[in-house]
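The values are calculated or read from the model by the stated rules, or taken from the named source; none is laboratory data. Please read these numbers as outputs of a predicted model, since none were measured by experiment. A quick note on method: Cβ atoms are made from the backbone with ideal geometry, for glycine too, and the neighbour counts reach across all protein chains shown. When the accessible area is computed, the model is the full protein with side chains, heavy atoms only, and any ligands, DNA or RNA have been set aside. Shrake-Rupley method; radii C 1.70, N 1.55, O 1.52, S 1.80 Å.
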Amino acid sequence: MRFDNFDMFRTLLKQRSGLELSQDKVYLLESRLMPVARKWNLRGLEELASTIRTKRDEQLLQDITEAMTTNESSFFRDSNPFDQFRKIVLPHLLERRATTRRIRIWCAAASSGQEPYSLAIILKEEAARLPGWRVDIIGTDLSTEVLEKARQGVYTQFEVQRGLPVSYLVKYFKQIDDKWELDLEIRRMVEYQEFNLLNDPAPLGRFDVIFCRNVLIYFDQDTKGEVLGRIAKQISGDGILYLGGAETVLGITDKFRRIEGQRGIYQPTGDDADGAIAGGAKRAAVG
């Protein structure tokens, strides 16, 4: 690929999604954008680049952005974050929200829905502890295509066997031919919205728990700091932020601090912050 074309794609993706694409990712462009070129009846990436320069078709730009930013997901991915949610985060919120009996959860970059649906299944399993409670789960992504797949809640055999316990598969899914359809009641527990993390999340409201796992790794340092700064404004003082296991806030922002003894979860700093979960998390880790 010509360097000027690669640079154009890189600039386009940075502006539209925050994705930082290094020179060694030419193969990624080729593998993900060739289907887009074929969809638009173009011979290859060079013609795709030429078309972008001469015809700034918004749907074409959207197809390119979605193709490059759609990432794989799986149910109960890495398992530990969901164990933390069940054993540490949920008890903390049940105690702290006893008056309002309301919890709001945001799954940023929700992809095809496995993460928010995993949380919904946990909450369904814990329903005996939640009588009279309202729990909102908002799943967002900039890809309209994966959001539609998430709303449908239909997954392949390969997708349901990645991390999903067999007991949950039997209990919450119905087999239709060679696919598995998630129970309507679980699907209704999650609301999906199109949202770009480069934008202001204020219209989404304030949240008690925010999952932003395995997203920051695609951004440069400045963009990471900006995204975390915006997230900090939308999380409650005693709320919980989830990042991926390989991600950190160190050297990026002072808006969050790591919870002692727990990997991948953080609480806000500042005047409104309330670190009450730290002691409980430490006890849970010891226990």
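Considering only alpha-carbon pairs that sit under 8 angstrom and 6 or more positions apart, the relative contact order computed for the chain is 17 percent. For the residue pairs Lys224/Lys255; Lys124/Lys233; Lys87/Lys233; Lys87/Lys124; Lys233/Lys255, alpha carbon separations beyond 20 Å are given by Lys124/Lys233; Lys87/Lys233. Which value results for Rg/Rh of the range 1-69 when Rg is the Cα radius of gyration and Rh the Kirkwood radius based on the inverse mean 1/r? My calculation puts Rg/Rh at 0.90.
Quick one: Cα convex hull volume of the range 48-172, Å³ per residue? Kindly include the intermediate steps, with their values, before the conclusion.
Details: hull volume 16.8 nm³, N = 125.
For the range 48-172, the hull spanned by Cα atoms encloses 134 Å³ per residue.
Taking the 0 to 90 degree range and rounding to the nearest ten, how far is the long axis of helix 114-125 tilted relative to the main principal axis of the chain, both from C-alpha atoms? Approximately 20 degrees, to the nearest ten. Ranked from largest, the principal axis spans of the Cα set of the range 226-272 equal 25, 21, 15 Å.
Dividing the summed helix terms, -39500 (n - 2.57) for each DSSP H run of n ≥ 4, by the number of residues in the chain produces a 222 nm estimate of -12000 deg cm²/dmol to the nearest 500. Rg and Dmax of the range 151-204, both derived from C-alpha coordinates alone, stand at 14.5, 42 Å. Residue by residue, the range 177-191 carries 3J(HN,Hα) couplings of 6, 9, 10, 10, 9, 6, 3, 4, 4, 5, 4, 6, 7, 10, 10 Hz when phi is fed to the Karplus relation 6.51 cos²θ - 1.76 cosθ + 1.60 (θ = phi - 60°); x denotes Gly or Pro. About its Cα centre, the dipole of the chain is roughly 600 debye, where the only charges are +1 on Lys and Arg Cβ and -1 on Asp and Glu Cβ. Assuming charge only on the beta carbon of Lys and Arg (+1) and of Asp and Glu (-1), the dipole of the range 1-116 about its Cα centre is about 580 debye to the nearest 20. When only alpha carbons are used to place a centre, the range 198-230 and the range 60-83 end up 15 Å from one another. Could you tell me what percent of the accessible area of the chain is made up of carbon and sulfur, with a 1.4 Å probe and every protein chain present? Accessible surface attributable to carbon and sulfur in the chain totals 48 percent.
Over all distinct Cα-Cα pairs of the range 118-241, the Kirkwood formula returns a hydrodynamic radius of 16.5 Å.
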